[in-house]
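The structure appears below as structure tokens.
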Amino acid sequence: MSQCNTIGGARLSPSSHDTTDTSQPLISILWFVPDDHTALSMPANVVIAALADNGLLQWSKGSRWMTVQGGAKSYVDAIVGIIPRENLHLNTDIVSIQSFEWGVKLVEAGGAEHIYDHVILA
């Protein structure tokens, strides 16, 4: 992919410093990105479409998003609290997720395979 097709390669502002300071936090609203390089290497058309779909480019109308009191951790904790321990894969390297008519298959980095009706990625 050429540099100009990425957020980092886009000429969105007078300096690359401005692009980094504004683009990375905006991208982080929708996706977890570990660093500026990852955020700025994302395809510009994907980022812009996702921001538009979520109403994040319409500042005058305000965001359609709502927040959860206590943040995302509060609902993740609530979900984790009702799932049986043997069905939780916390801090586990999952190398494959396949969806079938009969369920979802997870494969761990160590080779262990698990079959479930549904999977929640958080």
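The values are calculated or read from the model by the stated rules, or taken from the named source; none is laboratory data. Computed from a prediction, not measured in an experiment: that's the story for all the values here. In this analysis, Cβ positions are derived from the backbone assuming ideal geometry, glycine residues included, and neighbour counts consider all displayed protein chains.
Key figures
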| read-out | value |
| --- | --- |
| Verdict on Thr19 being at pLDDT 70 or above and hydroxyl-bearing (Ser, Thr, Tyr) | no |
| Any hit, the range 55-68, residues being at pLDDT below 70, on the phi > 0 side of the Ramachandran plot and not acidic (Asp, Glu) | yes |
| Unique match (being exposed (fewer than 10 other Cβ atoms within 10 Å of the Cβ), without any contact (Cβ under 8 Å) to a residue 24 or more places away in the chain and closer than 29 Å to Ser23 by Cβ) among Thr38, Thr67 | Thr67 |
| The listed residue being in contact (Cβ under 8 Å) with a residue 24 or more places away in the chain and not in a strand (DSSP E or B), out of Leu51, Leu90 | Leu51 |
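One line per residue, one yes/no per condition, for (1) among the hydrophobic types (A, V, I, L, M, F, W, C); (2) modelled with pLDDT of 90 or more; (3) over 26 Å from Trp31 (Cβ atoms); (4) surrounded by 10 or more Cβ atoms within 10 Å (Cβ to Cβ):
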residue	(1), (2), (3), (4)
Glu86	no, no, yes, no
Leu90	yes, no, no, no
Ser96	no, yes, no, yes
Phe100	yes, yes, yes, no
Val104	yes, yes, no, yes
Glu113	no, yes, yes, yes
Asp117	no, yes, yes, no
Ala122	yes, no, no, no
